[in-house]
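The values are calculated or read from the model by the stated rules, or taken from the named source; none is laboratory data. Since we're looking at a predicted model, the values are computed, not measured. Backbone-built Cβ (ideal geometry, glycine too); neighbour counts: all protein chains shown.
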Amino acid sequence: MYRYDPGAETRALPRGARRATLRPRMTIEKFTFGVGDRFAHQGRAQLQAFRQLEAEGVVVVPVWNKSNREHSFIGSEPSSVQAAAKAAVEALRWPHGWHVDADHIRLETVDRFIPTADFFTIDVADSIGRPAPAADVAAFLARHPELVGEPPVAGLSAPIRTTRAQVEACVAKYLLAARDAGRIHAHIAAAKGGAANFIAEVSMDETDAPQTPPELLVILCALADEGVRVQTIAPKFTGRFNKGVDYVGDLAQFEREFNDDLAVIAHAVAAYGLPASLKLSVHSGSDKFSLYPIIRRALARTGAGVHLKTAGTTWLEELVGLAEAGGAGLALAVEIYAHALEHIEELCAPYASVIDVDRSKLPLADDVRRWSGARYANALRHIPGHPEFNPSFRQLLHVSFKLAAKEGRRYLDLLVANEAIVARNVTENLHARHLRPLFVG
């Protein structure tokens, strides 16, 4: 049975490279929280939320993330994320860990992130479901007969019971994805001087069907076989994880899945020698207010860690702040909505699987032009019980950040001119509506 060998990545290096290139093993902290900052202006405001949580007795480590697609839309470079994060850490004298995540990278996009990222979200969704060769599936099953029958996973809501045919089908579905992750992981390790020098997350959430506990067990076993030093795994859960709004689905079912996944991870760490720091990652976790008590209970019960990745909602808080500022800020916020309404098809199409915009609930652009700044902010700010909150309005604007990017200096100058009110909204959103409910209660 394969076990992760901490020395394997160093033995593959040229003679003498070990001392020259390897730093102390990078281990992800117990609680980490991914924050996007599309325009690289809110690092300090974001970190202030973590400072406030620290004052309440809980340390959560920020992970600034930005995907290749987002860089392409904005016209930014990965180095800008590290620079903004470092500036925030220095300005607020943050004494704890922090990371920069190359979000949803693949082999063809990873190289531009290697110099400045220390956290890599390896996206293998495109490889899920591509059938592995029958001989490879058979060889995997020969190595891992323990997956057939009733693997002794403690703490499940119901025991795993599998037939050989079921495991075969699962391996055929996920083996190539695990190998894809292995190739990307090895590529990063070669560039970074070993797998000890970065944090690897494997993302399998952007696919059609959620992974069951038996499937997650096979996936983790396959990743171990491929030598992936995975420290967070992002499975797909049942229900809708729409961008910028609350979870839609069966809360009791999510709780079973989340707890079962924690049990599978604990078993896989012991059985396959995966890093002890391995934990669940919840993607598009921002604004999933109904899930936070469930996650908090599970963490308290098990002592497990978690990584939760926000969905770029900081940019919405920038809009909220500009609207509340009035004047030119409100004018631009109104203008962005009008343009979003005009281009709704092209803006929504790339995100069709993760938004539910009810067009009948979208206000007319002429009506929004008559709104006060407070009215605009109330429609956009995610307070579910507020009578003026409009989830469709919020989701449309969520996917419309390209329109702000097209404004260039006009948008960025307004962020600077209204820094105080924008920052207040960014900090309050992260601390009061996300970090505190998730980690304090």
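Of the residues examined, VAL416 is not one that is among the hydrophobic types (A, V, I, L, M, F, W, C), surrounded by 18 or more Cβ atoms within 10 Å (Cβ to Cβ) and modelled with pLDDT of 95 or more. Within the stretch 311-330, restricting attention to residues that are touching an Asp or Glu at 6+ places or on another chain (Cβ under 8 Å) and not in a helix (DSSP H, G or I), the residue that is surrounded by the fewest Cβ atoms within 10 Å (Cβ to Cβ) is ALA311. Taken over the stretch 182-215, the criterion of being at pLDDT 95 or above, within 26 Å of PRO62 (Cα to Cα) and touching a helix residue (DSSP H, G or I) at 6+ places or on another chain (Cβ under 6 Å) is satisfied by ALA189, GLY193, GLY194, ALA195, PHE198, ALA200, VAL202. One residue stands out among those in the stretch 78-97 that are exposed (fewer than 14 other Cβ atoms within 10 Å of the Cβ) and charged (D, E, K, R): the one that is nearest to VAL399 (Cα to Cα), which is GLU90.
Going by the structure shown, is ASP205 of a type outside the set (A, V, I, L, M, F, W, C), under 29 Å from LYS243 (Cα atoms) and in a loop (DSSP other than H, G, I, E, B)? Spelling it out, ASP205 is indeed of a type outside the set (A, V, I, L, M, F, W, C), under 29 Å from LYS243 (Cα atoms) and in a loop (DSSP other than H, G, I, E, B). When we screen VAL100, VAL153, VAL167 for residues that are surrounded by 13 or more Cβ atoms within 10 Å (Cβ to Cβ) and more than 30 Å from ASP208 (Cβ to Cβ), the only hit is VAL100. With respect to the conditions (1) in contact with a Ser or Thr (Cβ under 7 Å, 6 or more places away or on another chain); (2) surrounded by fewer than 18 Cβ atoms within 10 Å (Cβ to Cβ), VAL354 lacks only one, and its number is (2). Residue count for the stretch 369-399, restricted to those that are buried (at least 20 other Cβ atoms within 10 Å of the Cβ), part of a helix (DSSP H, G or I) and either in contact with a helix residue (DSSP H, G or I) (Cβ under 7 Å, 6 or more places away or on another chain) or assigned by TED's automatic domain parsing to the domain that holds ARG240 (or both): 10. Please tell me if ALA125 is touching a residue at least 60 places away in the same chain (Cβ under 8 Å), among the small types (Gly, Ala, Ser) and surrounded by 22 or more Cβ atoms within 10 Å (Cβ to Cβ). So ALA125 does not fit the description; no. Are any of the residues in the stretch 348-359 among the acidic types (Asp, Glu), at positive phi and at pLDDT 95 or above? No, the conditions are met nowhere in the stretch 348-359. Only one entry in ASN378, ASN390 is modelled with pLDDT of 95 or more, under 24 Å from ARG433 (Cα atoms) and in contact with a Phe, Trp or Tyr (Cβ under 8 Å, 6 or more places away or on another chain), namely ASN378.
The rows are residues; the columns are (1) buried (at least 16 other Cβ atoms within 10 Å of the Cβ); (2) basic (Lys, Arg); (3) not assigned by TED's automatic domain parsing to the domain that holds VAL368.
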| residue | (1), (2), (3) |
| --- | --- |
| GLY244 | yes, no, yes |
| VAL248 | no, no, yes |
| VAL269 | yes, no, yes |
| TYR272 | yes, no, yes |
| GLY305 | yes, no, yes |
| LEU332 | yes, no, no |
| ILE336 | yes, no, no |
| GLU342 | no, no, no |
